[in-house]
Amino acid sequence: MKIEIFPSGPLDTNAYLVSCEKLREAVLIDAPSGAFGEISARLKEESLRLDAVLLTHGHWDHIGDAGRISREFEVPIVAGADGRPLIEDPDFQQSRLFAGAPLDKMSIGVEAKDGDVLEYAGFKIKCVDVPGHCPGSLAFVFEDGGKTCVFVGDLIFEGSVGRTDLWGGDFATLEKSVKKIYRLPDSAAIYPGHGAPTSVGAEKAANPFVRA
Ligand SMILES: [Zn+2]
């Protein structure tokens, strides 16, 4: 398993390209605006086939290029059902969040829910519901050669957690979601929606917002 990080868009949102070097297939986790060019170039360079776009949640800074990537590569957008209004209704996003560039039209092709195991690019990807930052938030857990990696969107950051003051956010709910991630092995790598990777052990020991 190879993980490449492409921070893109005005908030440097991480797009993660997770690929299987044997099968030459990949999934993209989050698709901020501006990611399309770099992701397309990398897929071509590495002769990788893209299988799906997985969205951790529907905030505009995570989904700007998801519609375009889904159309160009003919792959589904996979996301939590509760995120539908954010992902599928650009006016809803505009009116409840920030005034950014108008969002592209897109729709969820595969609705993922808690406990689902998706199979893309040769990986078994476990979906965990992690509401609190916004409705429809999902974490994606990959197991590869005894190593656990989890992509958490804006749930947890290195030494911090996601904001809960936007539409549908709630700190008590977020805290419960973070604790679900804390049940993974301490060695599990956490890949957040912004900033550097961290680990379950490091956040359990030192995250000032949610204690183990
Ligand atoms: Zn967010």
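The values are calculated or read from the model by the stated rules, or taken from the named source; none is laboratory data. Remember, predicted model here, so these are calculated numbers, not experimental data. For neighbour counting, all protein chains shown are included, and Cβ atoms are generated from backbone atoms with ideal geometry for every residue, glycine included.
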Next on the checklist: Looking at segment 171-192, can you tell me whether even one residue there is in contact with a strand residue (DSSP E or B) (Cβ under 8 Å, 6 or more places away or on another chain) and at positive phi?
Outcome noted: no
Checklist entry - For the subset of segment 41-71 comprising residues that are in contact with a helix residue (DSSP H, G or I) (Cβ under 7 Å, 6 or more places away or on another chain) and over 17 Å from Phe151 (Cα atoms), which member is nearest to the ligand (Cβ to nearest atom)? => result Trp60
Checklist outcome for this item: The correct count of residues that are at pLDDT 95 or above and not in a strand (DSSP E or B) in segment 118-150 is 10
Item to check | Residue ranges of helices (runs of 4 or more DSSP H) in segment 1-113 with at least 1 members β-branched (Val, Ile, Thr) | outcome: 35-45, 60-63, 66-73, 84-88
Item to check | Asp186 being within 16 Å of the ligand (Cβ to nearest atom) and assigned to a loop (DSSP other than H, G, I, E, B) | outcome: no
Checklist entry - Any idea which residue in segment 25-35 is nearest to the chain's Cα centre (by Cα), counting only those that are more than 15 Å from the ligand (Cβ to nearest atom) and buried (at least 20 other Cβ atoms within 10 Å of the Cβ)? => result Leu28
